[in-house]
Amino acid sequence: MVFKNLKRLLAGATLCISLSLLLWMVAGLPWNHKLQVSPLTLAILAGMALGNSVRPEFLERIHPGLRFCSKSSYDWGLCCTASGSR
């Protein structure tokens, strides 16, 4: 049971990390210099497309990792940003 949850956590976290790195690189491409679409906007659009096009069974399998990336990493990022703004 523990390994099953760990596998789901790692699968979802790997998807989030790889997608965010890909979108960060895409935001730096020459076509975006004029448009200046942020990686965050691209990630929101990609998340909407992924959520509407992927089978629900797949999303249920990787849900623990997605939840970790959306909640825990957001909290840590917010703490680091707030502490560095002084």
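Structure above, values below:
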{"quantity": "Potential lengthening between Val54 and Tyr74 on full extension [0.36 nm per residue; Cα-Cα distance subtracted]", "calculated": "4.8 nm"}
{"quantity": "Cβ-derived FRET efficiency at R0 41 Å, Val2 paired with Leu29, nearest 0.05", "calculated": "0.50"}
{"quantity": "Kyte-Doolittle at least 0.0, axis length at least 24 Å by Cα - qualifying DSSP helices, the chain", "calculated": "2-27"}
{"quantity": "Lys/Arg +1, Asp/Glu -1 at C-beta; the chain dipole; positive extreme among Leu42, Pro56, Gly28", "calculated": "Pro56"}
{"quantity": "Cα coordinate range in segment 2-73, projected on the principal axes (Å, largest first)", "calculated": "47, 23, 17"}
{"quantity": "Residue-averaged [θ]222 nm for the chain, counting only DSSP H segments that reach four residues, each worth -39500 (n - 2.57)", "calculated": "-24500 deg cm²/dmol"}
{"quantity": "Assigned charges on the beta-carbon of Lys, Arg, Asp, Glu; the chain dipole about Cα centre (debye)", "calculated": "140"}
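Taken together, the values in this text are just the output of simple stated rules run on the coordinates, not laboratory data. Note that the structure is a prediction, hence the values are computed from the model and not measured. So basically every Cβ, Gly included, is an ideal-geometry build from the backbone, and we count neighbours across all protein chains shown.
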